[in-house]
1. Please compute the net charge surrounding H50, taking Lys and Arg as +1 and Asp and Glu as -1 over other residues with Cβ under 14 Å from its Cβ.
2. Given Cα positions, please report Rg to Rh for the range 63-189, the hydrodynamic radius being the Kirkwood one.
3. What dipole magnitude, in Debye to the nearest 20, does the chain give about its Cα centre under +1 on Lys/Arg Cβ and -1 on Asp/Glu Cβ?
4. For the range 112-129 and the range 1-38, write down the distance between their C-alpha centroids in whole Å.
5. Starting from the Cα of K201, draw a straight line to each of the aspartates and glutamates and keep only those under 14 Å, dropping any in the same chain fewer than 8 residues away.
6. Which entry in (i) 17.4; (ii) 19.0; (iii) 20.7 is this structure's computed Kirkwood radius over Cα pairs in Å?
7. Return P(r) of the range 1-63 (all Cα-Cα pairs; 10 Å bins starting at 0; whole %; ordered from short to long distances).
8. Can you tally the lysine pairs in the range 5-100 where the Cα-Cα distance is under 22 Å and the two residues are eight or more apart, or on different chains?
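The numbers here are math on the coordinates, done by the rules we state, and not lab data. Bear in mind that the values here come from a model prediction, so they are computed numbers and not experimental data. Methodologically, a virtual Cβ is constructed for each residue, glycine included, from the backbone with ideal geometry; neighbour enumeration extends over all protein chains shown.
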Amino acid sequence: MPDGAIASAAQSLATATDWKGKVALHSSGALTSDELSVLRHKGAAVASGHPMMTFVRGSKPALAGVPFAIEGDRKAVHAARAIVKNLRGESYSIRAEDKAAYHAWGTFASPLFMALLATSEQVALCAGVKRSAAMQRMLPILKQTLANYEALGATGAFSGPIVRADAGTVMQHLIVLRGVPLAQQVYVALARAALAYLPTKNRKMLEKLLESGQRGSGRV
C-alpha cells in the first residue's frame with residue numbers, strides 16, 4: 001500500500017472511535033504526522049516513526065540498535081519513543097520538513113543499492129559470468145567493502161582506478177560498457193559522484209575523460 005493511502009485510512013478511521021486522549025502513529029519514512037491531521041482534529045495526539053531498515057518478504061531483521069526517526073505531537077512522540085525502546089531500537093527527533101530528504105537518504109542506502117548490485121550483475125554478464133555466479137563471487141568484496149566503510153568511512157574505504165587517476169583503465173571500462181548503455185550511465189554518474197565527494201587525483205582530467213568516454217569519442 002502506498003504512503004498516500006495513510007491520509008485516506010485516517011479519514012476512514014476518524015469516526016470509528018472517540019479519539020480524544022488517544023495516540024495515533026504511522027510509520028512512513030517520507031510523510032509527516034500531518035497525514036493524520038484528521039485524527040488530530042478529533043482530539044488525538046499524532047506522530048510518525050520510521051526505522052532506517054529494509055523489510056522484504058522472507059526476511060525478519062532485528063530492530064535492536066536500529067535508528068527510528070520520530071516527529072509529531074509531544075504526547076505521541078513520547079509514546080513512539082516508548083515503543084522504540086521496547087523494540088531495543090534507538091529513537092531520534094527529525095524535523096517534519098526533513099522527512100523527504102531523510103527517506104531519499106534511506107532509498108540510496110538500500111533500494112538503490114540493490115539497483116546498483118543488479119546493474120553489477122548485468123556487467124558480469126559482459127565478463128562471461130552468469131548472474132547466479134556473479135552474486136556469489138561479489139559477496140566477498142561487498143562484505144569487505146562494508147566492513148571497510150564501518151571502520152574507515154567512505155573516504156578510507158574508497159579504492160580502485162578513480163582514486164588512482166588510472167585514466168587508461170577508466171577508459172577501458174567506458175568502452176566495454178557501451179554494450180550495456182544503462183550500466184555505462186550508472187558508471188559515469190557514480191564516477192562523477194566519486195570525483196565530487198571522495199579523494200581523487202587529477203579530477204579535471206577524469207571529468208573530461210568521463211565526458212568524452214560517454215560520448216563515445218574514446219579520447220581525452
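1. Working: positive: R81, R95, K99; negative: D3, E35, E71, E90, D98.
Overall, the nearby charge balance is -2.
2. Details: Rg = 19.9 Å, Rh = 18.0 Å.
On the Cα set of the range 63-189, Rg over Rh gives 1.11.
3. On the way: 26 positive and 14 negative charges, 84 e Å.
With Lys and Arg at +1 and Asp and Glu at -1, about 400 debye.
4. A separation of 40 Å, based on Cα centres.
5. D166
6. Among (i) 17.4; (ii) 19.0; (iii) 20.7, the one derived from this structure is (iii).
7. Pairs per bin, as whole percents: 22, 45, 24, 9.
8. Summing the qualifying lysine pairs gives 10.
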